[in-house]
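The values are calculated or read from the model by the stated rules, or taken from the named source; none is laboratory data. Keep in mind that this is a model prediction, so the values were computed, not measured. Virtual Cβ from ideal backbone geometry, glycine too; neighbours counted across all protein chains shown. These area figures cover heavy atoms from the full protein model, side chains too; ligands, DNA and RNA do not enter into them. Shrake-Rupley method; radii C 1.70, N 1.55, O 1.52, S 1.80 Å.
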Amino acid sequence: MTDWNERLVQQLEPVLKQPDPRPGISAYHDMPYAVFQYPPEEEFAVRQQTALLRTRLEQAAGKRVTSISLAACQAAALEAEGLGPEALAQAETTVGLEATIETIHQVLSEYQPLDDLVAARIPEDADPLRDIVFIVRAGALFPVYRTSSLLEQLKGKVQVPAVLFYPGELDGAAGLRFMGVLDAEHNYRPKIF
């Protein structure tokens, strides 16, 4: 069993199966979420194991698990601003990669805030004792948007236990390097599994 799979099954899963996972996930009442870190090259294996975890939580623990794809959120935000794949390819050719990345960041930060898109996908009747949210496909945001920003902006908007599945590297006790490339962010307050 790989290190990340062992952490998923032996550390994260028992916490999520608890009647109220929030105290095991976070010390902050207004941030009931955690980060599950894994090597970026394990993306497809993590997706498979996450699907199995979801099934176990639903069947064995009676939880309702909602998966929110950050790739889908980003695509919806860009489409809403008229920036589909063709427009983005045209922009990259016309104004360059850096300007296109900045435009996408601006869309996700200001015009179609990513935290609002994520919060809107949480079921309206979500119950902290029954519901769990998996925030997946974070790698799709690379290099345009840092997940540390997303987690800070979700503060107070998420009331149910949530886990951000994070492709990156651990740097010290609380630092994460997005996709193992960007400089480490050391301001992650949520618990890192």
Classify region 90-169 as rounded, prolate or oblate, taking a ≥ b ≥ c as the square roots of the eigenvalues of its Cα gyration tensor: rounded when a/c is under 1.5, otherwise prolate if a/b is larger than b/c and oblate if not. prolate
Which of rounded, prolate or oblate describes region 44-104 when judged by the alpha-carbon gyration tensor and an a/c cut-off of 1.5? prolate
For region 1-72, what does the alpha-carbon gyration tensor say about shape, rounded, prolate or oblate, given a ≥ b ≥ c as the root eigenvalues, a/c under 1.5 as rounded, and a/b over b/c as prolate? rounded
Toy charge model, Lys and Arg Cβ at +1, Asp and Glu Cβ at -1: the chain dipole around Cα centroid in debye, rounded to 20, equals 840 debye
Return the inverse of the average 1/r over all pairs of distinct C-alpha atoms in the chain, which is the Kirkwood hydrodynamic radius, in Å to one decimal. 17.2 Å
Among 85-93, 73-81, how do they line up by average Cβ neighbours within 10 Å per residue, starting with the highest? 73-81, 85-93
Whole-percent carbon and sulfur contribution to the accessible surface of region 78-180 (1.4 Å, no ligands, DNA or RNA) stands at 51 percent
